[in-house]
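Peer 1: After the structure tokens below, expect a handful of questions from me.
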């Protein structure tokens, strides 16, 4: 039989063997993890898909650089927080979100809401500042680069740079007016002008000017403008100008339009008179027919 001391020595050997095996497997796991980590983080390793929504200005390569990576796409090397920080610091971006979507392959979706340019206004040195609805300067150019964005004349803002916010009260009032118009109406605004009396005149891309009154009294004018715009939409109205300075709109028609309107009214009157005449003649004919029928009946 084994002595107590022999059994103790044998137990200690078994414990040491178990500890050595555990240490071996631990070192092996760490080595495998480290090797795998190093392998999947290599620049040449491709893993996952990057999808960008809501922008055609920011490219996939730019997103990859923001996330600290490069092609091919490797989601292990991409930092979502760095991407969001880069996007939210871009003056073109109003809002940015990101989320992972598990699958084969996994995907990282980037959602971008771009700032919408609303107005060009002339800056201090003759350049043009392109503004969004809050007066943020999206770009400063030496001319009008985007024909779909109207320009404001008669006002000039101080020297500004991309990322600045315009502080001019009159410019802010004009922006507030524009922001309340429908997207369709905005598309037809070609130019806005503040005259020497600080009154705003709006010119549509298809013709006549619209006088809106003092810039500091534009509250409620956007609703009035939209009411008149919706009423006149689709009608071939030949006008010299439209005056919305007061609560009741006034449209001054061109002389040719006035003459055309007079002729159309006269023609409608003639048509109505003719219809009444024909109605009276039919009535007389019916009465004569009835009288003849009565006369033809034999007398009893």
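Peer 1: Rg to Rh for the stretch 96-170: what is it, with Cα atoms only and Rh by Kirkwood?
Peer 2: 1.23
Peer 1: Additional query: Could you give the radius of gyration (one decimal) and Dmax (whole number) of the Cα atoms in the stretch 117-253, in Å?
Peer 2: 14.7, 44
Peer 1: Counting other beta carbons within 10 Å of each Cβ, put 25, 47 in order, fewest first.
Peer 2: Listed from fewest to most nearby Cβ atoms, that is 25, 47.
Peer 1: For the Cα atoms of the chain, what angle does the longest principal axis make with the long axis of helix 4-40, in degrees from 0 to 90, nearest 10?
Peer 2: The two axes meet at around 40 degrees.
Peer 1: Between 0 and 90 degrees, rounded to the nearest ten: what's the tilt of helix 255-296 against the longest Cα principal axis of the chain?
Peer 2: Roughly 60 degrees, rounded to the nearest 10.
Peer 1: Quick one: angle between helix 169-179 and the longest Cα principal axis of the chain, in degrees between 0 and 90, rounded to 10, please.
Peer 2: Between the helix axis and the principal axis of the chain, the angle is about 80 degrees.
Peer 1: Right, next: Please figure out what share of the DSSP beta bridges in the chain is antiparallel and state it in percent, rounded to the nearest 5.
Peer 2: 70 percent
Peer 1: Taking every alpha carbon pair in the chain, what does the distance histogram look like in 20 angstrom bins from 0, in percent?
Peer 2: Pairs per bin, as whole percents: 21, 28, 21, 14, 10, 4, 2, 0.
Peer 1: Still on this structure, I have one more. Based solely on its DSSP helices, what 222 nm [θ] is calculated for the chain when runs of n ≥ 4 H residues each add -39,500 (n - 2.57) and the sum is averaged over all residues, nearest 500 deg cm²/dmol?
Peer 2: -14000 deg cm²/dmol
Peer 1: Here's something else I'd like to know. Using alpha-carbon pairs under 8 Å, 6+ residues apart, how would you state the relative contact order of the stretch 65-174 in percent?
Peer 2: Value for the stretch 65-174: 18 percent.
Peer 1: Per-residue counts of other Cβ atoms within 10 Å, averaged by peptide: what ranking do you get for 95-106, 193-204, 276-287, highest first?
Peer 2: Highest to lowest by the protection proxy: 193-204, 95-106, 276-287.
Peer 1: Further question on the same structure: Under 8 Å for C-alpha pairs, at least 6 residues apart: give me the relative contact order for the chain, rounded to a whole percent.
Peer 2: Averaging sequence separation for qualifying contacts and normalising by length gives 8 percent for the chain.
No value in this document is a laboratory result; all are computed from the given coordinates. Since this is a predicted model, take the numbers as computed values, not measurements. Quick reminder, even Gly has a Cβ in these numbers, built from the backbone with ideal geometry, and neighbours come from all protein chains shown.
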